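Asks: Here it is: the structure, laid out below.
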Amino acid sequence: MDQAVNRQVLLDSRPDGVPQTAHFRIAHTPAPRPAPGQVLVRNQWLSVEPAMRGWVNAAANYSDPVAVGAVMRSFAVGTIAESDDPDWPVGTPVTGSFGWQDYAAVEPSAIQRRITETDLPLSLALGVLGINGVTAHFGLLEIGQPKPGETVVVSTAAGSVGSCVGQIAKLKGCDVIGIAGGEAKRRMCLERFGYDVALDYKAPDFAQQLAHACQGRVDVYFDNTSGPISDAVMGQLAVGARVVICGTAAIANWSPLPQGPRVERHLLVKRARMQGFVIFDHPQHGAIARADLAQWIHGGQLKYVEDVLEGIEQAPDAIAGLYRGENMGKRLIRLY
Ligand SMILES: NC(=O)c1ccc[n+]([C@@H]2O[C@H](COP(=O)([O-])OP(=O)(O)OC[C@H]3O[C@@H](n4cnc5c(N)ncnc54)[C@H](OP(=O)(O)O)[C@@H]3O)[C@@H](O)[C@H]2O)c1
(Lines give C-alpha, C1' and ligand atoms only; values in the text may rest on other atoms or scores of the structure.)
Protein backbone atom coordinates (compact mmCIF):
# COMPACT_ATOMS: atom_id res chain seq x y z
CA MET A 1 0.00 0.00 0.00
CA ASP A 2 1.08 3.64 -0.44
CA GLN A 3 2.55 4.96 2.74
CA ALA A 4 -0.34 6.74 4.46
CA VAL A 5 -0.08 9.32 7.21
CA ASN A 6 -0.36 8.02 10.76
CA ARG A 7 -1.87 10.56 13.13
CA GLN A 8 -0.72 9.70 16.64
CA VAL A 9 -1.84 11.16 19.96
CA LEU A 10 1.29 11.33 22.11
CA LEU A 11 1.52 11.87 25.84
CA ASP A 12 3.34 15.21 26.05
CA SER A 13 3.65 15.60 29.82
CA ARG A 14 2.60 13.63 32.87
CA PRO A 15 -0.55 14.84 34.67
CA ASP A 16 -1.03 14.67 38.44
CA GLY A 17 -4.77 14.09 38.28
CA VAL A 18 -7.11 13.85 35.31
CA PRO A 19 -5.21 14.32 31.99
CA GLN A 20 -6.22 17.49 30.15
CA THR A 21 -5.82 18.63 26.51
CA ALA A 22 -2.42 20.19 27.25
CA HIS A 23 -0.98 16.83 28.32
CA PHE A 24 -1.22 15.49 24.74
CA ARG A 25 -0.06 16.50 21.28
CA ILE A 26 -0.88 15.10 17.86
CA ALA A 27 1.99 14.05 15.58
CA HIS A 28 1.78 13.19 11.88
CA THR A 29 4.20 10.44 10.86
CA PRO A 30 4.32 7.96 7.97
CA ALA A 31 2.26 4.84 8.66
CA PRO A 32 4.54 2.09 9.99
CA ARG A 33 5.59 -0.82 7.76
CA PRO A 34 5.05 -4.16 9.48
CA ALA A 35 8.28 -6.00 10.31
CA PRO A 36 8.50 -9.71 9.42
CA GLY A 37 5.94 -11.55 11.55
CA GLN A 38 3.92 -8.39 12.20
CA VAL A 39 0.60 -7.28 10.76
CA LEU A 40 -0.58 -3.74 10.10
CA VAL A 41 -3.88 -2.76 11.72
CA ARG A 42 -5.84 0.26 10.50
CA ASN A 43 -7.86 1.57 13.43
CA GLN A 44 -11.46 2.62 12.90
CA TRP A 45 -12.64 3.17 16.48
CA LEU A 46 -10.60 4.30 19.50
CA SER A 47 -11.77 3.81 23.04
CA VAL A 48 -11.86 6.44 25.80
CA GLU A 49 -11.80 5.00 29.32
CA PRO A 50 -11.75 6.54 32.80
CA ALA A 51 -8.91 4.07 33.50
CA MET A 52 -6.66 6.02 31.08
CA ARG A 53 -6.12 8.48 33.87
CA GLY A 54 -4.36 5.69 35.76
CA TRP A 55 -2.39 4.62 32.69
CA VAL A 56 -0.67 8.04 32.40
CA ASN A 57 -0.38 8.78 36.10
CA ALA A 58 2.92 8.35 37.94
CA ALA A 59 1.11 7.02 41.05
CA ALA A 60 1.36 3.25 41.54
CA ASN A 61 -1.22 1.40 39.45
CA TYR A 62 -1.80 -2.06 38.05
CA SER A 63 0.23 -1.29 34.87
CA ASP A 64 3.37 0.66 33.93
CA PRO A 65 2.54 4.26 33.02
CA VAL A 66 2.60 5.32 29.36
CA ALA A 67 6.01 6.92 28.72
CA VAL A 68 6.09 10.65 28.02
CA GLY A 69 6.45 10.99 24.24
CA ALA A 70 4.79 7.61 23.55
CA VAL A 71 1.50 6.95 21.77
CA MET A 72 -1.40 7.01 24.23
CA ARG A 73 -2.34 3.47 25.22
CA SER A 74 -5.86 2.58 24.15
CA PHE A 75 -8.09 -0.23 23.10
CA ALA A 76 -9.12 0.10 19.49
CA VAL A 77 -11.08 -1.67 16.80
CA GLY A 78 -9.65 -1.92 13.33
CA THR A 79 -9.06 -4.07 10.29
CA ILE A 80 -5.94 -5.91 9.20
CA ALA A 81 -4.55 -3.75 6.37
CA GLU A 82 -1.31 -5.65 5.61
CA SER A 83 -0.39 -9.21 6.50
CA ASP A 84 1.55 -12.24 5.30
CA ASP A 85 0.04 -14.35 8.07
CA PRO A 86 -2.63 -16.77 6.78
CA ASP A 87 -4.24 -16.76 10.26
CA TRP A 88 -4.76 -12.97 10.04
CA PRO A 89 -5.77 -12.17 6.46
CA VAL A 90 -6.24 -8.63 5.20
CA GLY A 91 -9.74 -7.41 6.05
CA THR A 92 -10.06 -9.29 9.37
CA PRO A 93 -11.79 -7.12 12.01
CA VAL A 94 -9.78 -7.16 15.23
CA THR A 95 -9.56 -5.48 18.60
CA GLY A 96 -6.56 -4.94 20.84
CA SER A 97 -4.40 -2.37 22.54
CA PHE A 98 -3.45 -0.54 19.33
CA GLY A 99 -3.17 2.98 20.76
CA TRP A 100 -4.64 6.36 19.88
CA GLN A 101 -3.42 6.39 16.27
CA ASP A 102 -4.53 5.52 12.74
CA TYR A 103 -2.20 2.56 12.19
CA ALA A 104 -0.40 0.06 14.43
CA ALA A 105 2.17 -2.52 13.33
CA VAL A 106 1.82 -5.34 15.86
CA GLU A 107 2.70 -8.95 16.51
CA PRO A 108 -0.42 -11.12 16.19
CA SER A 109 -0.04 -11.88 19.90
CA ALA A 110 -0.96 -8.23 20.58
CA ILE A 111 -4.36 -8.77 19.00
CA GLN A 112 -6.85 -9.34 21.79
CA ARG A 113 -9.33 -11.09 19.54
CA ARG A 114 -10.82 -11.42 16.10
CA ILE A 115 -14.29 -9.81 16.13
CA THR A 116 -16.76 -12.52 15.29
CA GLU A 117 -20.03 -10.65 16.04
CA THR A 118 -19.97 -9.09 12.57
CA ASP A 119 -23.78 -8.87 12.51
CA LEU A 120 -23.47 -6.20 15.22
CA PRO A 121 -21.69 -2.82 14.96
CA LEU A 122 -17.90 -3.26 15.24
CA SER A 123 -17.74 -0.47 17.84
CA LEU A 124 -19.49 -2.72 20.36
CA ALA A 125 -16.21 -4.62 20.71
CA LEU A 126 -14.99 -1.59 22.71
CA GLY A 127 -18.11 -1.19 24.83
CA VAL A 128 -20.87 -3.59 25.65
CA LEU A 129 -18.96 -6.52 24.06
CA GLY A 130 -15.59 -5.20 25.20
CA ILE A 131 -13.96 -4.28 28.47
CA ASN A 132 -17.05 -2.46 29.77
CA GLY A 133 -19.56 -5.26 29.25
CA VAL A 134 -17.13 -7.93 30.42
CA THR A 135 -16.28 -5.88 33.52
CA ALA A 136 -19.96 -5.43 34.34
CA HIS A 137 -20.68 -9.14 33.84
CA PHE A 138 -17.70 -10.33 35.90
CA GLY A 139 -17.96 -7.77 38.69
CA LEU A 140 -21.68 -8.16 39.21
CA LEU A 141 -22.10 -11.90 38.75
CA GLU A 142 -18.78 -13.29 40.07
CA ILE A 143 -18.13 -10.81 42.88
CA GLY A 144 -21.53 -9.30 43.62
CA GLN A 145 -23.37 -12.64 43.26
CA PRO A 146 -26.86 -11.13 43.14
CA LYS A 147 -29.86 -13.35 43.86
CA PRO A 148 -33.39 -12.85 42.55
CA GLY A 149 -35.33 -10.40 44.71
CA GLU A 150 -32.21 -8.72 46.08
CA THR A 151 -31.57 -4.99 45.82
CA VAL A 152 -28.62 -3.83 43.71
CA VAL A 153 -27.32 -0.24 43.70
CA VAL A 154 -25.06 0.96 40.88
CA SER A 155 -23.06 4.20 40.65
CA THR A 156 -22.23 5.82 37.25
CA ALA A 157 -25.48 4.03 36.41
CA ALA A 158 -25.91 5.68 32.99
CA GLY A 159 -22.33 4.99 31.89
CA SER A 160 -20.91 2.18 29.85
CA VAL A 161 -20.12 -0.25 32.69
CA GLY A 162 -22.91 0.97 34.97
CA SER A 163 -25.71 0.65 32.42
CA CYS A 164 -24.66 -2.95 31.73
CA VAL A 165 -24.55 -3.74 35.44
CA GLY A 166 -28.03 -2.32 35.97
CA GLN A 167 -29.54 -4.26 33.08
CA ILE A 168 -27.83 -7.54 33.98
CA ALA A 169 -29.09 -7.14 37.55
CA LYS A 170 -32.63 -6.68 36.19
CA LEU A 171 -32.19 -9.78 34.02
CA LYS A 172 -31.24 -11.68 37.19
CA GLY A 173 -34.47 -10.63 38.89
CA CYS A 174 -33.15 -7.91 41.20
CA ASP A 175 -34.58 -4.53 42.20
CA VAL A 176 -32.12 -2.06 40.77
CA ILE A 177 -31.37 1.48 41.90
CA GLY A 178 -29.12 3.61 39.70
CA ILE A 179 -27.17 6.71 40.69
CA ALA A 180 -26.06 9.16 37.97
CA GLY A 181 -25.26 12.84 37.54
CA GLY A 182 -28.02 15.13 36.24
CA GLU A 183 -31.60 14.81 35.10
CA ALA A 184 -30.81 13.69 31.52
CA LYS A 185 -28.82 10.69 32.77
CA ARG A 186 -31.36 9.94 35.47
CA ARG A 187 -34.08 9.76 32.83
CA MET A 188 -31.90 7.63 30.57
CA CYS A 189 -31.50 5.16 33.44
CA LEU A 190 -35.25 4.85 33.80
CA GLU A 191 -36.39 5.05 30.19
CA ARG A 192 -33.58 3.37 28.29
CA PHE A 193 -31.97 0.99 30.78
CA GLY A 194 -35.01 0.00 32.86
CA TYR A 195 -33.80 0.81 36.37
CA ASP A 196 -36.56 0.60 38.99
CA VAL A 197 -35.34 3.82 40.61
CA ALA A 198 -32.79 6.37 39.40
CA LEU A 199 -31.33 9.16 41.53
CA ASP A 200 -29.32 12.27 40.66
CA TYR A 201 -26.39 12.44 43.08
CA LYS A 202 -26.10 16.17 42.40
CA ALA A 203 -29.50 16.83 44.01
CA PRO A 204 -29.09 18.64 47.36
CA ASP A 205 -31.16 16.02 49.18
CA PHE A 206 -29.51 13.03 47.44
CA ALA A 207 -28.65 11.22 50.69
CA GLN A 208 -32.26 11.47 51.90
CA GLN A 209 -33.60 10.30 48.53
CA LEU A 210 -31.21 7.36 48.62
CA ALA A 211 -32.18 6.39 52.16
CA HIS A 212 -35.85 6.57 51.20
CA ALA A 213 -35.30 4.38 48.10
CA CYS A 214 -33.02 1.83 49.79
CA GLN A 215 -34.51 1.48 53.30
CA GLY A 216 -31.33 -0.26 54.44
CA ARG A 217 -31.81 -3.21 52.09
CA VAL A 218 -28.83 -2.88 49.68
CA ASP A 219 -27.59 -6.43 49.05
CA VAL A 220 -25.10 -5.53 46.30
CA TYR A 221 -23.43 -2.16 45.78
CA PHE A 222 -21.54 -1.95 42.48
CA ASP A 223 -19.27 1.01 43.16
CA ASN A 224 -17.75 2.96 40.26
CA THR A 225 -17.09 6.20 42.11
CA SER A 226 -16.11 5.96 45.78
CA GLY A 227 -16.47 9.42 47.41
CA PRO A 228 -19.67 10.97 48.72
CA ILE A 229 -21.96 8.64 46.70
CA SER A 230 -20.42 5.59 48.34
CA ASP A 231 -20.48 7.22 51.75
CA ALA A 232 -24.25 7.53 51.35
CA VAL A 233 -24.74 3.97 50.07
CA MET A 234 -22.62 2.33 52.79
CA GLY A 235 -25.16 3.41 55.40
CA GLN A 236 -27.86 1.51 53.49
CA LEU A 237 -26.25 -1.95 53.36
CA ALA A 238 -28.27 -5.03 54.29
CA VAL A 239 -26.87 -7.85 56.41
CA GLY A 240 -24.55 -9.97 54.24
CA ALA A 241 -24.12 -7.24 51.58
CA ARG A 242 -21.44 -7.43 48.89
CA VAL A 243 -19.67 -4.21 47.86
CA VAL A 244 -17.95 -4.50 44.48
CA ILE A 245 -15.17 -1.94 44.02
CA CYS A 246 -14.92 -1.37 40.27
CA GLY A 247 -13.89 2.29 39.95
CA THR A 248 -13.00 5.38 41.95
CA ALA A 249 -14.06 8.23 39.63
CA ALA A 250 -14.78 10.61 42.52
CA ILE A 251 -11.28 10.48 44.00
CA ALA A 252 -9.55 13.54 42.52
CA ASN A 253 -6.03 12.70 43.68
CA TRP A 254 -4.49 9.34 44.52
CA SER A 255 -1.36 10.56 46.24
CA PRO A 256 -1.98 11.19 49.00
CA LEU A 257 -5.42 9.58 49.09
CA PRO A 258 -8.06 11.80 50.71
CA GLN A 259 -9.28 11.04 54.21
CA GLY A 260 -12.92 10.04 54.36
CA PRO A 261 -15.54 8.36 56.49
CA ARG A 262 -14.54 4.92 57.79
CA VAL A 263 -16.42 2.00 56.21
CA GLU A 264 -15.31 -0.71 58.64
CA ARG A 265 -18.17 -0.16 61.07
CA HIS A 266 -20.75 -0.68 58.29
CA LEU A 267 -18.95 -3.81 57.07
CA LEU A 268 -18.74 -5.25 60.58
CA VAL A 269 -22.29 -4.51 61.70
CA LYS A 270 -23.74 -5.77 58.41
CA ARG A 271 -21.32 -8.71 58.10
CA ALA A 272 -20.64 -7.31 54.64
CA ARG A 273 -17.85 -8.01 52.18
CA MET A 274 -16.02 -5.45 50.05
CA GLN A 275 -13.85 -6.58 47.14
CA GLY A 276 -11.98 -4.80 44.39
CA PHE A 277 -11.03 -6.35 41.07
CA VAL A 278 -9.20 -5.53 37.85
CA ILE A 279 -10.75 -7.18 34.81
CA PHE A 280 -7.34 -7.76 33.15
CA ASP A 281 -6.70 -10.44 35.80
CA HIS A 282 -9.57 -12.49 34.36
CA PRO A 283 -8.95 -12.91 30.61
CA GLN A 284 -10.81 -16.23 30.62
CA HIS A 285 -14.03 -14.43 31.49
CA GLY A 286 -14.19 -12.52 28.18
CA ALA A 287 -15.64 -15.34 26.11
CA ILE A 288 -18.03 -16.37 28.91
CA ALA A 289 -19.37 -12.84 29.28
CA ARG A 290 -19.57 -12.12 25.54
CA ALA A 291 -21.71 -15.22 24.96
CA ASP A 292 -24.30 -13.87 27.42
CA LEU A 293 -23.97 -10.24 26.37
CA ALA A 294 -24.34 -10.92 22.63
CA GLN A 295 -27.36 -13.12 23.27
CA TRP A 296 -29.00 -10.39 25.37
CA ILE A 297 -28.26 -7.75 22.72
CA HIS A 298 -29.76 -9.93 19.99
CA GLY A 299 -32.78 -10.57 22.21
CA GLY A 300 -33.30 -6.85 22.80
CA GLN A 301 -32.77 -7.31 26.57
CA LEU A 302 -29.49 -5.38 26.74
CA LYS A 303 -29.48 -1.80 25.45
CA TYR A 304 -26.43 0.34 24.88
CA VAL A 305 -25.77 4.00 24.15
CA GLU A 306 -22.65 5.29 22.42
CA ASP A 307 -21.12 8.74 22.81
CA VAL A 308 -19.18 9.21 19.57
CA LEU A 309 -16.52 11.90 19.10
CA GLU A 310 -15.70 12.49 15.44
CA GLY A 311 -12.00 12.54 14.55
CA ILE A 312 -8.71 12.01 16.35
CA GLU A 313 -8.46 15.77 17.04
CA GLN A 314 -11.08 15.17 19.76
CA ALA A 315 -8.82 12.75 21.66
CA PRO A 316 -6.74 15.13 23.83
CA ASP A 317 -9.82 16.45 25.69
CA ALA A 318 -11.75 13.19 25.65
CA ILE A 319 -10.65 11.79 29.05
CA ALA A 320 -11.17 15.11 30.84
CA GLY A 321 -14.67 15.16 29.33
CA LEU A 322 -15.47 11.81 30.97
CA TYR A 323 -14.54 13.27 34.34
CA ARG A 324 -16.74 16.29 33.59
CA GLY A 325 -19.53 13.75 33.08
CA GLU A 326 -20.17 14.91 29.48
CA ASN A 327 -20.54 11.46 27.97
CA MET A 328 -23.92 9.91 27.41
CA GLY A 329 -22.95 6.23 27.20
CA LYS A 330 -19.75 4.59 25.99
CA ARG A 331 -17.27 7.24 24.81
CA LEU A 332 -15.56 6.42 21.50
CA ILE A 333 -13.58 8.23 18.83
CA ARG A 334 -14.48 7.43 15.22
CA LEU A 335 -11.59 7.74 12.78
CA TYR A 336 -13.51 6.98 9.57
N1 LIG B 1 -12.09 -2.61 37.73
C2 LIG B 1 -11.98 -2.75 36.42
O3 LIG B 1 -11.38 -3.69 35.92
C4 LIG B 1 -12.65 -1.74 35.54
C5 LIG B 1 -12.75 -1.97 34.15
C6 LIG B 1 -13.43 -1.01 33.37
C7 LIG B 1 -13.93 0.15 33.96
N8 LIG B 1 -13.76 0.33 35.30
C9 LIG B 1 -14.30 1.52 35.98
O10 LIG B 1 -15.69 1.58 35.75
C11 LIG B 1 -16.12 2.94 35.89
C12 LIG B 1 -17.04 3.28 34.74
O13 LIG B 1 -16.28 3.24 33.53
P14 LIG B 1 -16.99 3.54 32.12
O15 LIG B 1 -15.96 3.27 31.07
O16 LIG B 1 -18.28 2.86 32.08
O17 LIG B 1 -17.19 5.12 32.18
P18 LIG B 1 -18.58 5.91 32.13
O19 LIG B 1 -19.37 5.55 33.33
O20 LIG B 1 -19.19 5.71 30.79
O21 LIG B 1 -18.07 7.40 32.19
C22 LIG B 1 -17.50 7.88 33.39
C23 LIG B 1 -18.57 8.55 34.24
O24 LIG B 1 -18.05 8.75 35.54
C25 LIG B 1 -18.85 9.71 36.17
N26 LIG B 1 -18.03 10.56 37.03
C27 LIG B 1 -16.94 11.26 36.68
N28 LIG B 1 -16.48 11.95 37.73
C29 LIG B 1 -17.31 11.67 38.77
C30 LIG B 1 -17.38 12.07 40.14
N31 LIG B 1 -16.48 12.91 40.66
N32 LIG B 1 -18.38 11.56 40.91
C33 LIG B 1 -19.28 10.71 40.40
N34 LIG B 1 -19.27 10.30 39.12
C35 LIG B 1 -18.30 10.78 38.33
C36 LIG B 1 -19.53 10.54 35.07
O37 LIG B 1 -20.93 10.24 35.13
P38 LIG B 1 -21.96 11.21 35.90
O39 LIG B 1 -22.35 12.26 34.90
O40 LIG B 1 -23.06 10.28 36.27
O41 LIG B 1 -21.23 11.82 37.04
C42 LIG B 1 -18.96 9.95 33.79
O43 LIG B 1 -19.88 9.96 32.73
C44 LIG B 1 -14.86 3.79 35.95
O45 LIG B 1 -14.62 4.14 37.31
C46 LIG B 1 -13.78 2.85 35.45
O47 LIG B 1 -12.52 3.17 35.92
C48 LIG B 1 -13.15 -0.58 36.09
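Asks: Taking all protein chains in place and a 1.4 Å probe, what share, in percent, of the accessible surface of the chain do carbon and sulfur account for?
Replies: 53 percent
Asks: Just to confirm the number: angle between the C-alpha axis of helix 285-298 and the first principal axis of the chain, 0 to 90 degrees, nearest 10?
Replies: The answer is roughly 80 degrees.
Asks: Given +1 on the Cβ of Lys and Arg, -1 on the Cβ of Asp and Glu, and no further charges, what dipole in debye does the chain carry about its Cα centre, rounded to the nearest 20?
Replies: 840 debye
Asks: Here's another thing I want to ask about it. With a/c under 1.5 counting as rounded, go ahead and sort region 1-142 into rounded, prolate or oblate using the C-alpha gyration tensor (a ≥ b ≥ c being the square roots of the eigenvalues; past the cut-off, prolate if a/b is larger than b/c, else oblate).
Replies: oblate
Asks: Let me ask you something else. Suppose every K and R has +1 on its Cβ and every D and E has -1 on its Cβ; what is the size of the dipole of region 131-280 about the Cα centre, in Debye to the nearest 20?
Replies: Approximately 200 debye in magnitude.
Asks: Suppose a student asked you for the relative contact order of the chain, using Cα pairs under 8 Å spaced at least 6 residues apart; what percent would you report?
Replies: 18 percent
Asks: While we're looking at this one, here's another question. Pairs to check: LYS185/LYS270; LYS147/LYS202; LYS172/LYS330; LYS202/LYS330. Give those whose C-alpha atoms are more than 28 Å from each other in this structure.
Replies: LYS185/LYS270; LYS147/LYS202
Asks: Please label the shape of the chain as rounded, prolate or oblate, based on the square roots a ≥ b ≥ c of the eigenvalues of the alpha-carbon gyration tensor (a/c under 1.5 means rounded; beyond that, a/b larger than b/c means prolate, else oblate).
Replies: prolate
Asks: For region 11-113, which chymotrypsin sites (Phe, Trp or Tyr not before Pro) are in a loop by DSSP, counting at most 10 other Cβ atoms within 10 Å?
Replies: TYR62
Asks: Further, regarding this structure: For every helix of n ≥ 4 consecutive DSSP H residues, a contribution of -39,500 (n - 2.57) applies; sum these over the chain, divide by its total residues, and give [θ] at 222 nm rounded to the nearest 500 deg cm²/dmol.
Replies: Per the formula, -6500 deg cm²/dmol.
Asks: Using heavy-atom solvent-accessible surface (probe 1.4 Å) with all chains present, what is the largest-first order of GLU326, GLU117?
Replies: GLU326, GLU117
Asks: If you line up the long axis of helix 160-171 against the longest principal axis of the chain, both from Cα atoms, how many degrees apart are they, to the nearest 10?
Replies: Result, in degrees: 50.
Asks: Is the C-alpha gyration tensor of region 131-280 telling us rounded, prolate or oblate? Criteria: a/c under 1.5 is rounded; beyond that, a/b larger than b/c is prolate, otherwise oblate.
Replies: Verdict is rounded for region 131-280.
The values are calculated or read from the model by the stated rules, or taken from the named source; none is laboratory data. Predicted, not measured: the structure shown is a model, and the values here were computed from it. All Cβ positions, glycine included, derive from the backbone under ideal geometry; neighbour counts span all protein chains shown. With ligands, DNA and RNA removed, areas are computed over all heavy atoms of the protein, side chains included. Shrake-Rupley method; radii C 1.70, N 1.55, O 1.52, S 1.80 Å.
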